[in-house]
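Read the figures in this text as sums done on the coordinates, not as results from a lab. Keep in mind it's a predicted model, so treat the numbers as computed, not measured. Neighbour counts run over all protein chains shown; Cβ positions are idealised from the backbone, glycine included.
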Amino acid sequence: MTDPKRVLENRASSSYIAEYSAPKIELADLDKLQQLRHLNLNKKIETKLQEIKKEYDELVELNDWNNFVDTFECRVECEVGQTYYLYEDISEDVRQFYPNGRKFLSIVHPDEFRIKYKYHGASKINSFGFFEKYN
């Protein structure tokens with residue numbers, strides 16, 4: 001036969017209730033927990049995808065700008081950090097040699113030119129060797 005003292009000790013150390021008068025044990029709703037976990041994971045994935053898309057868009061813009069700058073004639077060795085101004089000469093004198101106008105890079109600021117050229121913007125070379133738009 002079992003020792004009554006031992007039964008009481010076992011009841012006290014058990015992780016469940018062993019009497020009929022005890023409150024009903026409710027099982028946790030694991031579906032809600034799983035839904036919450038999936039929702040959090042989906043939010044994390046969506047956030048990461050937005051970050052990747054933003055970075056991709058920035059790279060595409062950088063590529064487009066560099067392709068645009070590459071269409072300009074450059075007669076100087078470009079240095080990192082130097083500001084270069086993009087101009088286009090569309091005068092009639094130039095059209096006989098350059099039907100679409102002459103595009104060129106210069107280190108001269110637009111305010112310092114006596115001759116007015118069509119100004120397309122400014123650019124700097126970063127440490128990776130890419131032209132970045134500069135305002």
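Things to note:
- The one condition from (1) in a loop (DSSP other than H, G, I, E, B); (2) more than 13 Å from Phe104 (Cβ to Cβ) that Arg75 does not meet is (2).
- Hits in the range 108-121 (condition: within 16 Å of Asp70 (Cα to Cα) and assigned to a loop (DSSP other than H, G, I, E, B)): none
- Which numbered condition Glu58 fails, given (1) assigned to a helix (DSSP H, G or I); (2) among the acidic types (Asp, Glu); (3) surrounded by fewer than 10 Cβ atoms within 10 Å (Cβ to Cβ): (3)
- Among (1) surrounded by 11 or more Cβ atoms within 10 Å (Cβ to Cβ); (2) touching a residue at least 12 places away in the same chain (Cβ under 8 Å) - the single one Gly81 does not satisfy: (1)
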